[in-house]
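Step one of this worksheet: look at the structure below.
The values are calculated or read from the model by the stated rules, or taken from the named source; none is laboratory data. Bear in mind that the values here come from a model prediction, so they are computed numbers and not experimental data. Cβ sites come from the backbone with ideal geometry, for glycine too, and all protein chains shown count toward neighbours. We work out accessible area using only protein heavy atoms, side chains counted, and drop any ligands, DNA or RNA first. Shrake-Rupley method; radii C 1.70, N 1.55, O 1.52, S 1.80 Å.
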Amino acid sequence: MVMKRYSSLRGKPFIEVLTGNLQGAQAYDRIAGYFSSSILDIAGEALESMAGKVRLVCNSQLDVEDVKTAKLAAEAMRQEWNSFQPENLPDCSKRFQRLYEFLATGKLEVRVLPSESFGLEHGKAGVFTRADGSRSSFLGSAN
């Protein structure tokens, strides 16, 4: 087993590790203190290249627009017959369109832990599963 250590004091290596491990990955399971669709600006293409899905657990401090988009995606999954397509709204940014598509297709699952019940979730860990079944993981802060 080879263990590499990265530090945010030496640049932004996590972005390289994240996008490099996501390229063609079978799955990505993650615990994160916070979720924001802004990650799609950084790793959206790598996520799209994945064969499987991303599963994420985070705390309940979410961006209002991300929550609105998630609700729209959930509603669309429940009512496919509905002709309303929020992803096509002219004021909907590319980031929110991407979030909508990831959620609506099931490629991204986000589970939110309410602070009132679970306290603040601030841990950071992830497991990348490659197409050949091998895995790579990380533990620690990317702040």
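Stretched out straight at 0.36 nm per residue, the stretch from Glu109 to Ser36 would grow longer than its current Cα-Cα span by 25.0 nm. Report the label-to-label distance for Ser93 and Glu16 in nanometres (one decimal), using points 7 Å from each Cα along the Cα→Cβ vector. The modelled label-to-label distance comes out at 2.7 nm. Estimated at the nearest 10 Å², the accessible area of Ile42 is 80 Å² with a 1.4 Å probe.
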